[in-house]
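Below: the structure, in structure tokens.
The values are calculated or read from the model by the stated rules, or taken from the named source; none is laboratory data. Keep in mind that this is a model prediction, so the values were computed, not measured. Positions of Cβ are generated from backbone atoms using ideal geometry, with glycine treated the same way; all protein chains shown enter the neighbour counts.
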Amino acid sequence: MLTTIRNAWKIVDLRKKILFTFAILLLYRLGNVIPVPFVNTEQMTAWFKQSELQNGILGLFNMMSGSAFSRATLFSLSIQPYINASIIIQLLTIAIPALERLSKEGGEEGKKKIEQITRYTTVGLGLLMGFAYWMMLRNANSTQYPIMVQDNALSAVTIILSFMAGSTLVMWLGEQITEFGIGNGISMILFANIVARLPDMILAMGNGLIHHFKETWYVALIAIVGMVALIMFIVFITAAERRIPVSYAKRVVGRKVYGGQNTFLPIKVNMSGVLPIIFAQSVASLPATIAAFAGNTKTWRYEHLWSNTSVFYLVVYMILIIAFSYFYSTIQYNPVEVSNNLRKNGGFIPGYRPGRPTSDFIKRVINKITLFGAIYLGIVAILPIVLGMIKGFESYAIGGTSVIIVVGVALETVQAMEAQMLMRHYKGFLE
């Protein structure tokens, strides 16, 4: 990884992309500490720490926003409105024929229109979530924690519009990284948020280790070995792929013979990356988020169904991860198109006739690989939550979502750099 970064830094174009990405992330981190008007951020942070919200869904949001959520800053909503808007539009693309035709037959222009619709939806969701956040601030405002400096119509409009503007700006920053920087903008912003909280997480684990080491040293040892094994497992699965053998028939053109070689069709085990976890998390946490924003976290439905430590939530979370994994594999990989491309280029899979038999075989392979990849994502996401519910392991459980996002984004960024260097025929990389 370090060698790849060092080689990429030697190329002027890639160096500019890397510096641009760091500049955007720096701007984002600056926005994470700018407080919205009419809110006492110190009182907000104190209230959030003492409330049960930090151990629930909103605590997860706080982690994914780099602690901006608990401080009521400009970027408190982070990338969540854009993620939810992307889910809604992609699901509507399947349900609404006009959007489906626009995505499949519209080409580059159709893609731009869908992106524009997603942006408008992000603005609407940012407005809605900004209103919900303002309601949470009003419900939390008290004599003990005077969070609201002013509580009138002007402050309400200012706070809601500030949150909406912040979520819109985060969306724009992410798009700039995707277009002009290195890697996927959404993933890079989430990566920056989680990395920003790593020192606090490591400090908390260290304190827990020192405090409980004499009593439960074996628990600490198991937790440390388990985290190292988890990271190694994520790296292994991220790089794993299923290779379908492909042969090309010989063609004689004039005096030259083309084809006749054997190659393979690579299918990644985890082709959708961390997006199924991110999207499943957003959908599964929606009821609990509404309850928390409304200040109604003491109800039976919240405590026993939609809390992120309940069995029901974990089951729903796992099902959504599997569903979104299949959804993304369907979008990314079209077996019929792959089969047609093979036939046009004189390629075939040994043992299967070109055309529908080939596409059916590829579809079966993709379904099996997707199921394995989805189960892997679900286990990585749920296992640390289950581990944190076991007595003695509370201090050592780090969210599986955080680990897989950090490791996955780091590997994807390195792969993007390698692809950029390969396109430029960089000698040092090819050697």
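Of all residues being of a type in the set (S, T, N, Q) and within 22 Å of Ser76 (Cβ to Cβ) in segment 155-183, which is modelled with the lowest pLDDT? Just the residue, please.
Result: Ser155.
What is the residue count in segment 277-304 for residues that are surrounded by fewer than 16 Cβ atoms within 10 Å (Cβ to Cβ), more than 17 Å from the chain's Cα centre (by Cα) and either modelled with pLDDT of 65 or more or assigned to a helix (DSSP H, G or I) (or both)?
Within segment 277-304, residues that are surrounded by fewer than 16 Cβ atoms within 10 Å (Cβ to Cβ), more than 17 Å from the chain's Cα centre (by Cα) and either modelled with pLDDT of 65 or more or assigned to a helix (DSSP H, G or I) (or both) number 4.
From (1) surrounded by 19 or more Cβ atoms within 10 Å (Cβ to Cβ); (2) under 24 Å from Leu286 (Cβ atoms); (3) among the hydrophobic types (A, V, I, L, M, F, W, C), pick out the condition that doesn't hold for Met148.
Here Met148 meets the rest and fails (2).
Taking Gln43 as the residue in question, decide whether it is at pLDDT below 85 and either among the small types (Gly, Ala, Ser) or assigned by TED's automatic domain parsing to the domain that holds Val170 (or both).
No; evaluated as a whole, the condition is false for this residue.
Would you mind telling me which numbered condition in (1) more than 16 Å from the chain's Cα centre (by Cα); (2) surrounded by 14 or more Cβ atoms within 10 Å (Cβ to Cβ); (3) at pLDDT 85 or above Gly373 fails?
Result: Gly373 fails condition (1) only.
Out of (1) of a type in the set (A, V, I, L, M, F, W, C); (2) more than 14 Å from the chain's Cα centre (by Cα); (3) modelled with pLDDT under 75, what's the single condition that is false for Ile237?
(3)
Output the residues belonging to segment 343-359 that are part of a helix (DSSP H, G or I) and at pLDDT 85 or above.
Across segment 343-359, the qualifying residues are Arg356, Pro357, Thr358, Ser359.
Could we say that Ser67 is within 19 Å of the chain's Cα centre (by Cα), touching a residue at least 60 places away in the same chain (Cβ under 8 Å), buried (at least 20 other Cβ atoms within 10 Å of the Cβ) and closer than 20 Å to Ala46 by Cβ here?
Spelling it out, it is not the case that Ser67 is within 19 Å of the chain's Cα centre (by Cα), touching a residue at least 60 places away in the same chain (Cβ under 8 Å), buried (at least 20 other Cβ atoms within 10 Å of the Cβ) and closer than 20 Å to Ala46 by Cβ.
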